[in-house]
Amino acid sequence: MLGGIVEPVLSLTDLAVVGNIGYDSFADSNENLSAVAAVGIAGSLISALVWIFAQMKSAISAVVSQAYGSLRMRIMASLIPQMIYFNAIVGVLALLGTYFTSAWIFENLLSASGTILKDATDYFNIRVLGFPLTLITFSIFGVFRGVQNTWWAMVISIIGGSVNIILDFIFVLGWWNLVDPMGVEGAAWASFIAQIVMFTLTIYFLLFKSKIRLIHTLRISPEFVGLLLIAGNLVLRTIVLNVALMLTHKFANIYGTVQAATHAVMLNLWLFSAFFLDAFATSANAMAGKFLGARNKEAMQRNLNRNLMLSLIVSFALSGLLMIFDAQIMELLVDNEKVWAMYPLVLPLFALCLPINALAFTLDGVFKGMGKAKFLRNILFISTLFGFLPVLLIGHQYMPSLQIIWYAIIMWMLLRGIIPYFYFKFWIKRF
C-alpha cells in the first residue's frame, strides 16, 4: 500500500506546505491561493505522465507473476534489464518533450494564467527532471511485485516520502539563516531529491538484495514484444484517463481562482486515495497473474473477493474519516478561508466516489495481472465517452460549478467498476 502512494504523497506534501505560505484573509489576492492552484495542476500533470508512461510497471508485473506462478523465471533474466533500458529512454524523451512545452500546456490546455501559470511552470520544470528516475523506479517495483515481494517497495517509499517531507519544510519555508525560503520552487526541489534517493535505493535492492538473475544482452528477449503490447494498450488507456483528469482542472480554472485551488486540493486528495486503494489492486494484480499461470480458477475468484472486500472496507473508512475530520484536513492542506468555504460543496460527492473507486481499481488490478490490457483500454474509452464527457459537458452548459465536475467523475468511475465486474463473472465461468 505504502509503495503505491509515493507519487501522490510527494505532490500532496508539496501542496500542503505551499498552501501554508503567508496568507492574509483581507487581501484580494493571496500568494498561497495561486501557489496551491499551481502546485495542484502541475502535480496532476506529473502524476498524469507517471500514470501514462509507468504502465510498464503493470505490464512487467503481469509477465513476471505469470512466469513466477508457472516456475519459468529463467526467461526473465534478459527481459528485466531490457525493460529498465527502455524505461530510461522513454523517460528522457518525455522529459525533453514536456520541459520545453510546459508553459504552453498549462496556458492553452489547462487555462492557467498569471501567477498560477508562472508558478506551475517553475514547479513542473524542476520536478520533471526526475521523471526518468521515477519510471525506472516504478518499473522495478513491478518486478518486485511480480515475485510477490511488496516489502522493498514499501521501505523505499517510506524513506523517499520522509526525505520529501523534511526537505519541503526546509526549502519552502526556509531554515534559520542557512536556507532562504524558496516557495514553490523549493517544493519541487524537495520532490526531485526524494526521487533520486528512491531510485538509488531501488537499484541497490535489485542488484544486491534480490535473487533475481539478470543477463545483459543485445539480443531482444522473446517476451519483450508481448510486454510492449500489454504496456502499449495500458498507455493508450491511461492517456484517455489523464485527459479526463486534465479536463477537470481546465473547467475548474474557467470557474475562477478559488474554484481552481479548491479543485486542486480535492483532486490531489482523490489521487492520494486512488493510489492508496490501488494497493489492493496491486495485491490482486500480482496474485491474479500467479494463479492464472498456475491455472487455479478457485484461487482467482478468492483473490478478487478478498481484495475487493478489503478495498471497500478501507474506502468506507477513508470516506468516514474525511467527513468527520474535514475541517482539520483542509486546514492542514491550505490556509485560505475562501477555499475553506468552497470545499464543503464537493466533499459529499468526493466521499461517495471512494467506494466506487474501490470496485474499479480492484478489478483493474485483476485484469492487469491477467494481461487483459486491451479489455481495460476499451472499458476506459467507453466510460469516458459515454459517462464522463456527457455529464461534464451537459452539466457545464446548464449548471457550471465544481459539483458538476465531481458528478462526471462519479459516473466515470461507476462504469469503470460495474462493466468489468460482470465481465469477470462471465469469464470465470468459462475459464
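The values are calculated or read from the model by the stated rules, or taken from the named source; none is laboratory data. Given the structure is predicted, the values throughout are model-derived calculations rather than measurements. Reconstructed Cβ throughout: ideal geometry from the backbone, glycine too, with neighbour counts over all protein chains shown. To get the accessible areas, we keep the full protein, side chains included, count just its heavy atoms, and leave off ligands, DNA and RNA. Shrake-Rupley method; radii C 1.70, N 1.55, O 1.52, S 1.80 Å.
Some observations on this one:
- Within the range 410-431, considering residues that are open to solvent by less than 70 Å² (accessible area, probe 1.4 Å) and of a type in the set (K, R), the one modelled with the highest pLDDT: R416
- All positions within the range 375-403 that are within 20 Å of P355 (Cα to Cα) and in contact (Cβ under 8 Å) with a residue 40 or more places away in the chain: L376, I379, L380, T384, F388, Q403
- Within the range 190-248, the set of residues being in contact (Cβ under 8 Å) with a residue 24 or more places away in the chain and of a type in the set (S, T, N, Q) comprises S191, Q195, T202, S210, T217, S221, N233, T238, N242, T248.
- None of L207, L236, L218 is out of contact with any Phe, Trp or Tyr (no Cβ under 9 Å at 6 or more places or on another chain) and part of a helix (DSSP H, G or I) except L207.
- Unmet criterion (only one of (1) assigned to a helix (DSSP H, G or I); (2) touching a Leu at 6+ places or on another chain (Cβ under 8 Å); (3) open to solvent by less than 50 Å² (accessible area, probe 1.4 Å); (4) of a type in the set (A, V, I, L, M)) for A260: (2)
- Qualifying helices (runs of 4 or more DSSP H) (wholly inside the range 307-409; at least 3 residues being open to solvent by 30 Å² or more (accessible area, probe 1.4 Å), at pLDDT 90 or above and within 22 Å of V240 (Cβ to Cβ)): 373-383, 389-398
- T282 being open to solvent by 30 Å² or more (accessible area, probe 1.4 Å), of a type in the set (S, T, N, Q) and either at pLDDT below 80 or touching a Leu at 6+ places or on another chain (Cβ under 9 Å) (or both): no
Listed here are the residues, each with its yes/no results for (1) at pLDDT below 85; (2) surrounded by 15 or more Cβ atoms within 10 Å (Cβ to Cβ); (3) not β-branched (V, I, T).
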{"residue": "G142", "(1), (2), (3)": "yes, yes, yes"}
{"residue": "G146", "(1), (2), (3)": "yes, yes, yes"}
{"residue": "G160", "(1), (2), (3)": "no, yes, yes"}
{"residue": "A190", "(1), (2), (3)": "no, yes, yes"}
{"residue": "L207", "(1), (2), (3)": "no, no, yes"}
{"residue": "I220", "(1), (2), (3)": "yes, no, no"}
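- Verdict on I170 being open to solvent by 50 Å² or more (accessible area, probe 1.4 Å), among the hydrophobic types (A, V, I, L, M, F, W, C) and in a helix (DSSP H, G or I): no
- Scanning the range 390-420 for residues that are within 21 Å of the chain's Cα centre (by Cα) and of a type outside the set (V, I, T) yields W406, Y407, A408, M411, W412, M413, L414, L415, R416, G417, P420.
- Subset of the range 114-129 (residues that are buried (at least 24 other Cβ atoms within 10 Å of the Cβ) and under 19 Å from the mean Cα position of the chain (by Cα)): A120, Y123, F124, R127, V128
- Residue within the range 287-295 that is farther than 30 Å from V64 by Cα and touching a residue at least 40 places away in the same chain (Cβ under 8 Å) present: no
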